[in-house]
Structures are given as C-alpha cells and as structure tokens.
1. Which residue is modelled with the highest pLDDT, if the candidates are limited to region 131-176 and must be within 14 Å of residue 117 (Cα to Cα) and out of contact with any strand residue (DSSP E or B) (no Cβ under 7 Å at 6 or more places or on another chain)?
2. Kindly check whether there is at least one residue in region 143-165 that is touching a helix residue (DSSP H, G or I) at 6+ places or on another chain (Cβ under 8 Å), farther than 20 Å from residue 88 by Cβ and surrounded by fewer than 20 Cβ atoms within 10 Å (Cβ to Cβ).
3. Can you tell me which condition residue 159 does not meet? The list is (1) part of a loop (DSSP other than H, G, I, E, B); (2) over 24 Å from residue 86 (Cβ atoms), and all the others hold.
4. Could you please let me know if residue 125 is in contact with a strand residue (DSSP E or B) (Cβ under 6 Å, 6 or more places away or on another chain), touching a residue at least 12 places away in the same chain (Cβ under 8 Å) and in a strand (DSSP E or B)?
5. Filter region 92-107 down to the residues that are in contact (Cβ under 8 Å) with a residue 60 or more places away in the chain and either assigned to a loop (DSSP other than H, G, I, E, B) or in contact with a helix residue (DSSP H, G or I) (Cβ under 7 Å, 6 or more places away or on another chain) (or both), then identify the one that is nearest to residue 198 (Cα to Cα).
6. Checking residue 180 against (1) under 24 Å from residue 71 (Cα atoms); (2) assigned to a strand (DSSP E or B); (3) in contact with a strand residue (DSSP E or B) (Cβ under 6 Å, 6 or more places away or on another chain), which test does it fail?
7. Is it the case that some residue within region 108-115 is within 13 Å of the chain's Cα centre (by Cα), surrounded by 16 or more Cβ atoms within 10 Å (Cβ to Cβ), modelled with pLDDT of 95 or more and assigned to a strand (DSSP E or B)?
8. Go over the candidates 170, 97, 140 one by one and state the one that is over 20 Å from residue 78 (Cα atoms) and over 13 Å from the mean Cα position of the chain (by Cα).
C-alpha cells in the first residue's frame with residue numbers, strides 16, 4: 001500500500017506542475033493515462049467511517065497496478081463493450097451498472113465510454129481485495145449524483161466518496177481515492193459515472 005501512496009504522490013506533484021505522467025500497465029504493457037493538468041480543483045474528501053484514521057478523498061488521476069478505461073480496447077476488448085452490464089476483468093467483478101456513452105466529453109476521463117450507475121445500485125468486487133482505488137467519478141447529463149462506499153472482506157464499511165459535478169474532459173480534479181488501512185473487498189455505488197478506474 002505504501003508504494004501506491006508514493007506513486008500517487010509523485011503523480012500528483014507532476015499534475016500540479018503541469019507535467020504529463022504516464023505509466024505502463026505491468027499486465028498488458030499498455031500505457032495508462034495518469035492525468036495531466038495544471039492542478040486546480042480540490043476534488044472531494046471522503047469520510048472516515050471505519051474509525052481507522054484514513055479517509056477517501058480527492059485524487060490526482062494517479063494510476064498504480066490495474067486501470068480500466070471502459071472503452072473496449074486492448075485487453076478490455078470484448079469485455080467492456082457498449083451495453084455491457086455484468087462482467088469480470090483483472091480480478092474485479094462489475095454488476096448493476098452499464099458501459100455506456102452520454103456523448104458529453106466532460107463525463108469522461110478517456111475515450112467516449114464509461115461505467116454508468118443508472119439504477120442506483122452498482123458494485124465492483126475484488127478478488128483478491130485491493131489496497132486502494134482511484135477513479136474519475138462525476139455526475140451530469142441524465143446520470144445523477146452518487147456515493148461510492150468501500151467495504152472490507154467482513155462487510156465493514158471503510159469510508160465513502162461522493163461524485164463530483166462534471167467539468168471538463170479528463171479533469172484531474174474529478175478523480176477520487178479510497179485508501180484505508182484495511183483492504184477493500186468491494187465498492188458500492190449509488191449513482192454517478194465512473195471512468196479510468198485504477199486499483
């Protein structure tokens with residue numbers, strides 16, 4: 001978990017300095033966008049509901065480990081197709097949402113597709129559990145605001161982050177992070193649009 005925090009810090013500093021940052025996915029060899037920009041927004045701060053002194057909070061778009069773009073490209077081809085609702089990829093299982101497009105660039109971090117929570121009840125589960133998750137999380141268009149709630153393997157709530165009002169395509173201020181002392185076994189979403197999901 002320490003290496004994820006260090007990588008996120010370094011990528012965050014590069015974003016604030018306006019430097020592009022790119023990392024190669026160790027599983028596929030593909031480049032993963034880790035966010036570029038001149039800093040700015042404050043994002044959102046999550047709440048420490050697990051009592052462990054850690055909170056979810058504003059992210060930088062930093063990526064470590066695995067990153068899903070929901071664009072049906074590279075190793076996601078045939079899995080994150082338009083209209084896909086329930087699927088598994090790279091140790092994660094997604095249910096209750098849909099890979100879709102609203103045709104509005106501010107609702108995406110990359111490409112023209114994302115994972116939308118349209119029914120108010122979507123989930124991603126991890127096997128094995130993950131140290132942290134960082135993702136683009138917005139609302140707008142026909143998709144309402146939502147909350148992402150992280151749980152450990154015993155079902156204990158670890159903390160939450162809220163979706164942000166969409167601003168511009170790939171805005172680094174629209175990334176949020178869930179990072180706790182306990183590993184994350186699942187995240188439940190009550191609404192919002194998810195893109196560039198890293199874990």
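The values are calculated or read from the model by the stated rules, or taken from the named source; none is laboratory data. Worth saying up front: this structure is predicted, and the values here are computed from it rather than measured. FYI the Cβ positions are ideal-geometry reconstructions off the backbone, even for glycines, and counts take in every protein chain you see.
1. Filtering region 131-176 for residues that are within 14 Å of residue 117 (Cα to Cα) and out of contact with any strand residue (DSSP E or B) (no Cβ under 7 Å at 6 or more places or on another chain), the one modelled with the highest pLDDT comes out as 144.
2. no
3. Condition not satisfied by residue 159: (1).
4. For residue 125, the condition - in contact with a strand residue (DSSP E or B) (Cβ under 6 Å, 6 or more places away or on another chain), touching a residue at least 12 places away in the same chain (Cβ under 8 Å) and in a strand (DSSP E or B) - is met.
5. Checked region 92-107; the qualifying residue nearest to residue 198 (Cα to Cα) is 97.
6. Residue 180 satisfies all of (1) under 24 Å from residue 71 (Cα atoms); (2) assigned to a strand (DSSP E or B); (3) in contact with a strand residue (DSSP E or B) (Cβ under 6 Å, 6 or more places away or on another chain) except (1).
7. Among the residues of region 108-115, at least one is within 13 Å of the chain's Cα centre (by Cα), surrounded by 16 or more Cβ atoms within 10 Å (Cβ to Cβ), modelled with pLDDT of 95 or more and assigned to a strand (DSSP E or B), which makes the answer yes.
8. 140 is the lone residue from the list that is over 20 Å from residue 78 (Cα atoms) and over 13 Å from the mean Cα position of the chain (by Cα).
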